[in-house]
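Scroll down for the structure; my scribbles are underneath it.
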Amino acid sequence: MAVDPAPVMKVRYSPLEQQFADVDEVFEDLKALVRSTDFTLGKVVGEFEEMFAAAVGSKYAIGVGSGTDALKIPLKALGIGPGDEVITAANTFYATAGAIAETGARIVFVDCDDTFGIDPELIEAAITPRTKAIMPVHLTGDMANMTRIVEIAEKHGLKVVEDACQSLLAKESGRPAGTWGIAGGFSMHPLKIINVWGDAGVIVTDDPEMDRMCRLLRNHGLRNRDEMEILGYNTRLDSVQAVVGKWIVAKVEDIVAARIRNAERYDAAFADIPEITIPLRRAAKGPDERAVYLNYVVFAERRDDLLAHCRANGIDAKVHYPIALYRQEALHHLGYPAGAFPVTDRHTETIISFPADQHLQTEEIDYLIGVVRGFYGR
Ligand SMILES: *Cc1c(COP(=O)(O)O)cnc(C)c1O
C-alpha cells in the first residue's frame, strides 16, 4: 500500500478556539459582575435562566453546576433513591449512569435503535415493581422516540426525566427535547451545543413543584438564608458561567441552523456511497422534527480503517462511543454479560463522528467528504 502523503488540510473536531476568539464583550460583563460582587445565585443567574427557558420553551429553567447534576437533581426531587430502579439507554455518555448511581438507584439499561435513542419496544420488558423513572437520552443531537416513551411511562405510572445534554433545541412533533418529561437536563460543558468556560448545567421543567425542589436541592435545601427545608447539595450555577451562558444562549438558534446546514451538505455527499449508511433520524420525517447535530454520525463499513485514514489525512474524526457503557469496568457490578445489547454493540463497531459545528468551513467539509470518498474508491 502506498504511504499517505502529508495531509493537505487539517480538520479539527472542537470549535472552541474559534468560538471564543472574540470575547471582549464577555470580559466587560465579567468586570461588571466582579465589581457587583453578586457571586452566588444573583441577578445574572436569574437573567440567564429566563433566557434559557425562553430558548427551550419551558416555564422554568434552573441553573446547576454540571449536566450530570441537571440529571441527578430532578431524580432526587422525585424522591428516587436506594431500592429504586431507573431505566436508561445502553449507549450513552458516562454521566447518565453516574447521575442515576449518585441517587443510590439501580441503573437498568435498555438497548437502542438506529436513532441512537432507547428502543421503546424494549422498555416494558425492563420494568419491575421497583422501576420509578425512565431517563431517555437524546444522543448526537437527535431525539429518542418520546411519543412512545411517554405513552409507556404513563401506562406504568413512571416519571420521565430526559437527558437532553446533547440535543438543545432538537424537536419531535414540534415539541423540544427536555420538555416531554417532568424535567429535562442540559449541559453547557465545552463540547456541547452551547458552551461556557468550564462546567454548567440547566434543568428545565413546567412543573412548579419540580422547579421549587430543584432550587432547594441545588442550594443546601435552603428555603431562605436561615431555614433548611431538606438536605440538599451545593450545585449552583456559577455566576461567572452565567455571564458566558447569557452571551452564548443568545446565539443558539444560529448555532443550530449552521449545524443543520453542515449536516445537509454531508448527507447529500454521502448518500451515494453504499459503504456509508446515514442513520434513521427524526429530522428526516418532517418540518416539526429537528436534529441539531452535536456530532455528525454515520455508520461506516471498515470503520476502524476509515478512522485511521481520516486521521492520516489530518481529520480529527471520533467515535461516540468506542466502548458501550454497559461494558465499562465501573459497571460490571450490574451484571450485564457481553452481548446483552446487540444494537449498542453494533453501533460501537460501525459509527464514526465528524464535526458539524457552526465554525466549520465549507472547504473543510468538502475536503473531509473527499477523503471519505477517496477511502471507498469513489
Ligand atoms: C455531556 C453529557 C452529560 C453531562 O455531562 P457534564 O459533563 O456533567 O455536563 C450527560 N449526558 C450526556 C448524554 C452527555 O453528553
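Read-outs throughout are calculated quantities, based only on the coordinates presented, and are distinct from any laboratory measurement. Here the structure is a predicted model, which is why all the values come from computation and not from measurement.
Taking 22 Å as the straight-line reach from the Cα of LYS285, the lysines in range (excluding those fewer than 8 positions away in the same chain) are LYS171. Listed cross-link partners LYS43/LYS72; LYS246/LYS318; LYS76/LYS192; LYS76/LYS132; LYS43/LYS246; LYS59/LYS246 are compared with a 22 Å cut-off, the Cα-Cα value being larger for LYS43/LYS72; LYS246/LYS318; LYS76/LYS192. Helix 239-249 axis versus longest C-alpha principal axis of the chain: approximately 50°, rounded to the nearest ten. Considering only GLU264, GLU227, GLU124, the Gaussian network model of the chain with Cα springs below 10 Å gives its largest mean-square fluctuation to GLU227.
Enclosing the Cα atoms of segment 252-375 in their convex hull gives a volume equal to 141 cubic angstrom per residue.
Taking ARG225, ARG236, ARG212 in turn, the Gaussian network model of the chain (Cα-Cα springs below 10 Å) assigns the largest fluctuation to ARG225. If you run the Gaussian network model on the chain, springs between alpha carbon atoms under 10 Å, then out of PRO279, PRO120, PRO82 the most flexible one is PRO82. Relative to the dominant Cα principal axis of the chain, helix 24-36 is inclined by about 20°.
Note that the chain shows a convex hull volume over its alpha carbon atoms of 141 Å³ per residue.
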